[in-house]
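Readers should treat all values here as calculations from the given coordinates under stated rules, not as data from a laboratory. Just so you know, these numbers come straight off a predicted model, no measurement behind them. Cβ placement follows ideal geometry from the backbone for every residue including glycine, while neighbour counts extend to all protein chains displayed.
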Amino acid sequence: MSLTIALAAVLAVAAIAGWLGFSRASRLRGTTRLHSLPVYHAAYAAMWAALPALLLLAIWSPVQSRLVEQAVLASPEGRVLPAFDMQRESILSEAKGMASGDIESGFNPESSTLVPRFTEAETRFATIGGGIAILLAFASAAFALRRTSAQFRARTGVERWLMVVLVAASLIAILTTLGILLSLMFESLRFFKLVPVNEFLFGTQWSPQMALRPDQAGSSGAFGSIPLFWGTVFIGAIIAMIVAIPLGLMSAIYLTQYAHPRVRSWMKPMLEILAGVPTVVYGYFAALTVAPHVRDFGLAIGITSASSESALAAGLVMGIMIIPFISSMADDSIAAVPQAMRDGSLAMGATKSETIRRVVLPAALPGVVGGVLLAVSRAIGETMIVVMAAGLAANMSANPFASVTTVTTQIVQLLTGDQEFDSAKTLAAFALGLALFLITLVLNLIALTVVRRYREAYE
Amino acid sequence: MSSGAPARRVSPSKDSRLRKRYAAERRFRLAGLFAVGLSAFFLAFLLVNMAWKGLGGFTQYQAAIAIDFPRSDLILDPTAIKGPDAEVVIAGADIEGVLAKAASATFGPAAENMFGAAAVRSVGRQLVRDPGLLNRSVTLWLPVGSKVDVAAKQEGDAASEKLVEQLKAKSALRRTINRDFLLESDATDPSAVGIWGALKGTFLTIMVTMLLAFPVGVLAAVYLEEFATRNRWTDAIEVSINNLAAVPSIIFGLLGLAVFLNVMHLPRSAPLVGGLTLALMTMPVIVIASRNAITSVPPSIRDAALGVGASKMQVVFHHVLPLALPGILTGTIIGMARALGETAPLLMIGMRAFIAAPAHGITDPSSVLPVQIFLWSDEVDRGFVEKTSAAIIVLLLFMLLMNGLAIYLRNRFEQRW
């Protein structure tokens, strides 16, 4: 018996319980007045039957795979497996795939001997876990059905269950945040055992390529992340913002203050479309169309080192990507400035542009700054544009025609080569990810607080 | 303004200052117009650029070639290709060699490699459809190889250009719609590639994302908006949702890699894992949109329902949610459109392998459209350039469709109270 069968059985029990609850309540309805509609009695019984058992199955299934693995390793065939982790893992996963019918034959000869062990252990544990789950479903269904009576408040019971579901759904957000933090921190700690934190944070050399000889101790490449962060800031926070802030802000001002409503109703969705274009498309555009022109331009004005993977090309396109983002944030904060302030300024004889520059913008500034911070956080976390258009050389150069690399580019590079999960090279990606997460977290928190304070100030 | 006013005595210096201020006003306004125009220009340029490069990808050149099957070296049993093993039998036959010989016999030795994998596939299909071909000499229109295709469409290397001239002179070259581009999967030969495998992977992934993120997101929003009392827990939930909506997508990829692949051992590069990862990413977006939609339902609705004796749950599920649904759906579609175009997190969970067959289920290894675009953009072969752009056109069409649907829903159903 597999867990899928158990799952189906639990659902069947729930359906039967629901039907029983409904028919019992309907029968009662003929004689007395019910507190709750029969449908609630049905839902009450079904929820009691299904939810605890499903929870049990959800907890059991990872436990089971662990138990099966232990049982297989403890078997006589399992004990002769090589002690080396990687090899053993690959044999085990092959045997597992063969047992479940996903793959037909394994690469390792040992794996086929383990298949019957796997099937046997899996059947055993699935029978135990699935059996308990089905029993639990029966027991709780019986408990719920016994309570069916005219006075029983089934609706309240159903609503209590719904409340549990609602709370669980909203806890997933916290679990995700925790999951991100813990998984990044766990892998980063392993990385910092291999590479000192100081070297990572303050080193200026980045060359994650491994040593000439694999057995050489401490021969891992250099992991100084300063050049990566410089490249990230240079592309995302400097070049892209030079493009995006003036264009986005002026677009927002024009659309909210000057444009005819019809123009506005056309332009706003258009900017939304610009925001909806997938980043891989921007990346392709940057690499194929923009980068060659930027290089030619660089060569034409006499910069011989102009690279076809220049920071300028990636930054320009990223700036274009950010325009609608800044524009909509600025739009919101300009719209939040009270009309009275605008009217006052106009009544004093100021022109429209003077009103905007001297009254509206200063009043909207906190919101705009918050929006810009969010945009920066988005730009430095942007991946595809820089992966496709920026380079891999970790230079600390302020020349926009030179090639620089960014944190996200390196994460992709480190994790998409041939992976061995324990090398400093792979773990470095998680350390970079942690740094990126913390930086964007701080930026987001500052920006969100600024924006919220500002909104409250005018409400 | 000044011209309409009755004559006033103004000093010349005041007059010139006014003129300067009006000039500044005009400049400011022009700058705004310029910014809007430039943004619109970028969008138009991007779309036109992609369309111009990519439209060719939906067509292919075919060349007419005479093949004398009985006299060729092709050893095929006509009864075998009628049977269930037809594909295996066809794959075992040396159709490539037959084509090379026929091509060099007709167009000279330089044309030996003018056909690629697409032509082999086409011959195979025609043989399955009509095994009688094996007994005749026929003239077939077959898709040319990538080099010749590129030479015919734009400019290729000298040898291919010459071949194209020769083919055109014999009027043995025609341009047709490349139906295989939409029906086939990834291949190493750019003339034979298609996006169906990637499209199917995208559908499966988005389906998983939708099934997980939509209910969880809406329920979380309902709880936060309608039931939660403000305390430390709900504050923590709020902060983490707002922050998650702004976390870089690649971080979700790292989470997926560490949790779903390394801890839970789910299958690599499967739509299941991709969908899970994207669901975590999309959920906060849906929560925020749903909360906005729920807040905009006026309290009078709730009061009225409560007044006739509905419970709090009934108020929410019978009255508030149905009224907020258009707004919720708009937000969900926009979130889904974002997930559809997402590439980086999927690269992290290994969805970058070469996969030549469409996935059958959500646990099979698969590719998705944006990743396919990324992979093709890395190829050196020039034939991939227009295929990449063509795939981008398909992706953009889906995005436009979804965004258009969202805008339509917003305008059609959203009520102003």
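Here are some notes:
- Per-residue mean of C-beta atoms belonging to partner chains within 10 Å, peptide B:271-279: 0
- Highest average first, the peptides A:225-237, A:268-280 ordered by how many other beta carbon atoms sit within 10 Å of their residues are A:225-237, A:268-280.
- The range B:65-116: relative contact order in percent, alpha carbon pairs under 8 Å with at least 6 residues between: 35 percent
- Distance in nm between pseudo-label sites at A:Ala222 and B:Ala105 (7 Å out along the Cβ direction from Cα): 6.4 nm
- Annotation for the range A:152-195 versus the range B:357-417: alpha-carbon center distance of 31 Å.
- Coil-residue trypsin sites (Lys or Arg not before Pro) of the range B:113-169, DSSP, other Cβ within 10 Å capped at 13: B:Arg136
- Under-5 Å amide H pairs with B:Thr59, H placed in peptide plane, nonlocal only: B:Asn178
- Average other protein chain Cβ within 10 Å of Cβ, residues A:267-276: 5
- Annotation for the range A:111-161: chymotrypsin sites (Phe, Trp or Tyr not before Pro) lying in DSSP loop with at most 13 further Cβ atoms inside 10 Å of their Cβ do not exist.
- Ranked A:Ser345, A:Ser353, A:Ser310, criterion: other C-beta atoms within 10 Å, fewest first: A:Ser345, A:Ser353, A:Ser310
- The range B:27-51 and the range B:216-257 have Cα centres lying 36 Å from one another.
- Legend: ranking of residues B:Thr330, B:Thr139 from fewest to most surrounding C-beta atoms inside 10 Å; resulting order B:Thr139, B:Thr330.
- Database remark: amide H of B:Phe115 closer than 5 angstrom to the amide H of B:Gly145 (H placed geometrically; neighbours at sequence offset of 5 or more, or on other chains; Pro and chain starts carry no H).
- Note on the range B:142-270: with charges restricted to the Cβ of Lys and Arg (+1) and Asp and Glu (-1), its dipole about the Cα centre is near 400 debye.
- A full extension of the chain between B:Val263 and B:Asp73 corresponds to an added length of 63.0 nm, given 0.36 nm per residue minus the alpha carbon distance.
- Extents of the protein assembly as shown, taken as max minus min of Cα coordinates on every principal axis and listed largest first, are 104, 88, 63 Å.
- Using the average count of surrounding beta-carbon atoms within 10 Å as a protection proxy, the listed peptides A:396-403, A:301-308, B:283-290 rank, highest first, as B:283-290, A:396-403, A:301-308.
- Taking chain A and dividing mean pair separation by its residue count, relative contact order in percent (alpha carbons under 8 Å, at least six apart): 16 percent
- Axis angle, to the nearest 10 degrees, between helix A:311-335 and the longest C-alpha principal axis of chain A: 80 degrees.
- Considering only A:Leu136, B:Ile241, A:Gly367, and ranking their Cα positions along the charge dipole of the protein assembly as shown that arises from unit charges at the beta-carbon of Lys, Arg, Asp and Glu, the one farthest toward the positive end is A:Gly367.
- Size of chain A from its Cα atoms: along the principal axes, largest to smallest, the extents are 81, 74, 37 Å.
- Within-15-Å neighbourhood charge of B:Ile90 [Cβ basis; K, R +1; D, E -1]: -2
- In order along the range B:88-99, the phi-based Karplus estimate (6.51 cos²θ - 1.76 cosθ + 1.60, θ = phi - 60°) of 3J(HN,Hα) comes to 5, 4, 5, 5, x, 7, 8, 5, 4, x, 4, 5 Hz; Gly and Pro are listed as x.
- Within chain B: Cβ-based charge dipole about Cα centre, in debye rounded to nearest 20 (Lys, Arg +1; Asp, Glu -1): 2660 debye
- Nitroxide proxy distance, nm - points 7 Å out along Cα→Cβ at A:Thr31 and A:Leu365: 7.8 nm
- The HN-Hα couplings worked out from phi for the range B:337-348 by the Karplus form 6.51 cos²θ - 1.76 cosθ + 1.60 (θ = phi - 60°) are 4, 5, 5, 4, x, 6, 10, 4, x, 6, 4, 5 Hz, whole numbers, x standing for Gly and Pro.
- Listed values for the range A:41-47 are Karplus-derived 3J(HN,Hα) couplings in whole Hz (6.51 cos²θ - 1.76 cosθ + 1.60, θ = phi - 60°), namely 4, 4, 4, 4, 5, 5, 5, and x replaces Gly and Pro.
- For A:Phe223, nonlocal amide neighbours, meaning residues 5 or more places apart or on other chains whose placed amide H falls under 5 Å from its own, are A:Ser207.
- Charged neighbours of B:Pro131, selected by a Cβ distance under 13 Å, balance to +2 (K, R count +1; D, E count -1).
- Partner chain coverage, peptide B:255-264 - average Cβ within 10 angstrom: 5
- The distance separating the Cα centre of the range A:1-68 from that of the range B:272-287 comes to 28 Å.
- Efficiency of FRET from Cβ geometry, A:Ile128 and A:Leu11, R₀ 25 Å, rounded to 0.05: 0.80
- Unit charges on C-beta of K, R, D, E only; dipole of the range A:369-459, Debye: 340 debye
- Only lysine pairs 8 or more places apart or on separate chains count here, and in chain B those with Cα atoms under 20 Å apart total 16.
- Computed helical MRE - 222 nm, the protein assembly as shown, DSSP H runs ≥ 4 contributing -39500 (n - 2.57), nearest 500: -22000 deg cm²/dmol
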